[in-house]
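Here's the structure, in structure tokens; my notes come after.
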Amino acid sequence: MKDKLIIFDTTLRDGEQSPGASMTRDEKVRIARALERMKVDVIEAGFPAASQGDFEAVQAVADAIKDSTVCGLARALDKDIDRAGEALKGAQSSRIHTFIATSPIHMQKKLNMQPDQVIEYAVRAVKRARQYTDNVEFSPEDAGRSEEDFLCRILEAVIDAGARTLNIPDTVGYSMPQQFGATIANLIQRIPNSDKAIFSVHCHNDLGLAVANSLSAVMNGARQVECTINGLGERAGNASLEEVVMAVRTRQDFFGCDTGLDAREIVTCSKLVSSITGFPVQPNKAIVGANAFAHESGIHQDGVLKNRETYEIMRAEDVGWSTNRMVLGKHSGRNAFKTRMAELGVQFAGEADLNDAFFRFKQLADKKHDIFDEDLQALISEQGFEAEDEHIKLVALKVCSETGEVPNATVTIRVDGKEMTGCAQGGGAVDASLKAIESLVKTGAILALYSVNNITNGTDAQGEVTVRLENAGRIVNGSGADTDIVIASAKAYINAVNKLQSVDQRQHPQKGDV
Ligand code: KIV
Ligand code: ZN
């Protein structure tokens with residue numbers, strides 16, 4: 001019998017700490033449902049003490065999810081733990097994840113605390129969390145740069161206090177695989193009560209080693225990996241869920257464990273996270289990149305046609321690539337639409353929501369013959385954000401672009417019910433359109449990123465545009481989809497401006513006092 005490797009997904013918490021990746025409550029619930037369908041064991045839904053918005057998001061995820069454990073992050077402070085306990089009240093199965101930094105540099109410079117005091121805080125936090133749930137996880141932040149002797153002391157103490165998962169974070173992505181694996185083996189061997197807890201790892205990707213470090217830890221006894229969809233996360237991100245899961249599954253000859261995940265949901269989940277956060281997936285990304293299973297060279301194609309195993313170590317359909325099938329079209333009725341949406345985990349708040357979505361679907365079907373799941377997801381992303389936060393809306397856009405002439409755009413937007421029109425010239429149709437919008441909304445923000453990706457194949461495919469705006473230290477991503485990429489660009493820009501003006505101000509968990 002193989003051991004179970006627990007998959008702890010932190011897309012909604014650490015993933016959300018990527019600049020510009022903040023998600024609304026409903027977006028978090030949609031991603032959590034997709035993770036639940038994939039049979040993720042633990043979903044870290046957020047940091048409830050960060051803001052009222054994050055508290056409500058964790059609460060909503062806890063209420064919506066039945067099959068996965070829902071977790072909330074808390075610093076080793078009574079107020080954070082109480083907030084997490086409160087947010088998780090509705091969960092069928094809940095976990096509180098509490099942490100405090102243990103590296104010399106963090107204890108001295110960030111916390112200004114002595115090591116014994118840090119142990120006291122950790123023990124107190126775990127005991128308090130146990131008043132809310134038996135399922136308590138403790139992390140010594142920056143363990144990758146902490147002293148092993150000190151880690152042994154603090155981890156032994158928190159197990160005695162009731163922690164049942166010990167998570168070893170390589171917070172700054174400093175560790176090397178062999179060294180990190182050896183640390184895990186040493187901790188398990190040296191801590192006298194280590195058999196009472198599951199060892200977990202949480203690796204950041206600053207040196208591109210997050211997955212390698214996580215797998216090395218698994219080889220040395222870790223039985224939980226913390227990871228994110230598409231490797232999203234603080235700075236260079238976290239270990240990518242899809243890479244960890246498929247490495248362990250593909251190399252069953254090598255690993256003494258396996259996950260319980262339904263890997264066929266991976267691609268859908270990856271696309272959903274990318275479209276909600278506005279973080280595109282690079283084409284050559286393992287497992288979920290558009291080229292991950294594409295064979296360009298003639299020699300490879302010849303080999304794959306004769307026997308796919310000559311060049312393929314996994315089957316595209318096993319991670320969900322073949323589910324990109326045409327589901328609906330112009331003649332599909334309301335019932336077929338509602339049923340497919342339910343299969344994708346989308347539940348409408350009421351008849352009005354369903355009618356609105358169906359109207360948009362019909363508009364899209366008039367422009368595009370085949371409607372794929374990805375088109376439906378994009379449609380819902382747009383509708384969801386508009387319903388919640390969009391006080392600026394695109395009403396009309398006219399663009400003139402011809403050879404030898406300077407492109408110009410005229411745009412009409414509605415701001416809190418009031419229509420306004422602006423014009424601008426630009427280097428191209430997109431540039432002119434965004435300048436016309438900016439002339440009306442006057443954010444003064446810097447456009448830090450602009451990218452276009454096709455949602456499905458074909459020249460009638462919808463283009464999904466992502467823009468990133470930076471203003472006074474705030475960073476937001478906006479996205480928009482349309483069969484016309486100039487309109488998609490205008491929608492994305494307006495989406496970002498709405499977020500810039502409405503983003504819930506959150507406290508960063510790792511920048512606080514403790
Ligand atoms: O990277 C880190 O150390 C974290 C902790 C809060 C687990 O995200
Ligand atoms: Zn982290």
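The values are calculated or read from the model by the stated rules, or taken from the named source; none is laboratory data. Computed from a predicted structure; not experimentally measured. Positions of Cβ are generated from backbone atoms using ideal geometry, with glycine treated the same way; all protein chains shown enter the neighbour counts. What goes into the accessible areas is simple: the full protein's heavy atoms, side chains included, and nothing from ligands, DNA or RNA. Shrake-Rupley method; radii C 1.70, N 1.55, O 1.52, S 1.80 Å.
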Quiz item: Restricting the search to region 130-186, which residues are polar (S, T, N, Q) and within 15 Å of residue 197 (Cα to Cα)?
Solution: 135, 139, 165, 167, 186
Quiz item: Considering region 326-360 alone, what residues qualify as being modelled with pLDDT of 85 or more, part of a helix (DSSP H, G or I), over 25 Å from residue 458 (Cβ atoms) and small (Gly, Ala, Ser)?
Solution: 352
Exercise. Just give me the residues in region 471-487 being open to solvent by less than 10 Å² (accessible area, probe 1.4 Å) and farther than 15 Å from residue 377 by Cα, in sequence order.
Key: 476, 477, 478
Practice problem: List the number of the failed condition for residue 145; all other conditions in (1) under 28 Å from the mean Cα position of the chain (by Cα); (2) away from ligand 1 (no atom under 14 Å from the Cβ); (3) open to solvent by 30 Å² or more (accessible area, probe 1.4 Å) hold. | Solution: (2)
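A quick yes/no check of all residues on (1) more than 15 Å from the chain's Cα centre (by Cα); (2) at pLDDT below 95:
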position: 8; (1), (2): no, no
position: 15; (1), (2): no, no
position: 23; (1), (2): no, yes
position: 41; (1), (2): yes, no
position: 46; (1), (2): no, no
position: 54; (1), (2): no, no
position: 62; (1), (2): yes, no
position: 83; (1), (2): yes, no
position: 89; (1), (2): yes, no
Quiz item: Is one or more of the residues making up region 504-511 in contact with a helix residue (DSSP H, G or I) (Cβ under 6 Å, 6 or more places away or on another chain) and away from ligand 1 (no atom under 16 Å from the Cβ)?
Solution: yes
Quiz item: Counting just the residues of region 131-150 that are within 16 Å of ligand 2 (Cβ to nearest atom) and part of a strand (DSSP E or B), which one comes out nearest to residue 85 (Cα to Cα)?
Solution: 137
Quiz prompt | Looking only at region 188-240, and only at residues there that are on the phi > 0 side of the Ramachandran plot and open to solvent by 50 Å² or more (accessible area, probe 1.4 Å), the one that is farthest from ligand 2 (Cβ to nearest atom) | solution = 208
Quiz item: Restricting to region 383-413, what's the tally of residues that are closer than 23 Å to residue 354 by Cβ and either at pLDDT below 95 or not hydrophobic (A, V, I, L, M, F, W, C) (or both)?
Solution: 9
Exercise. Report yes if residue 402 is closer than 30 Å to residue 53 by Cα and charged (D, E, K, R), otherwise no.
Key: no
Practice problem: Go through region 151-171 and count every residue that is in a helix (DSSP H, G or I) and either within 16 Å of ligand 1 (Cβ to nearest atom) or open to solvent by 30 Å² or more (accessible area, probe 1.4 Å) (or both). | Solution: 7
Quiz item: Within region 107-130, which residues are in a loop (DSSP other than H, G, I, E, B) and open to solvent by 70 Å² or more (accessible area, probe 1.4 Å)?
Solution: 112, 114
Exercise. Could you please find all residues in region 434-470 being of a type outside the set (Asp, Glu), without any contact (Cβ under 8 Å) to a residue 60 or more places away in the chain, surrounded by 17 or more Cβ atoms within 10 Å (Cβ to Cβ) and closer than 23 Å to residue 402 by Cα?
Key: 434, 435, 436, 463, 465
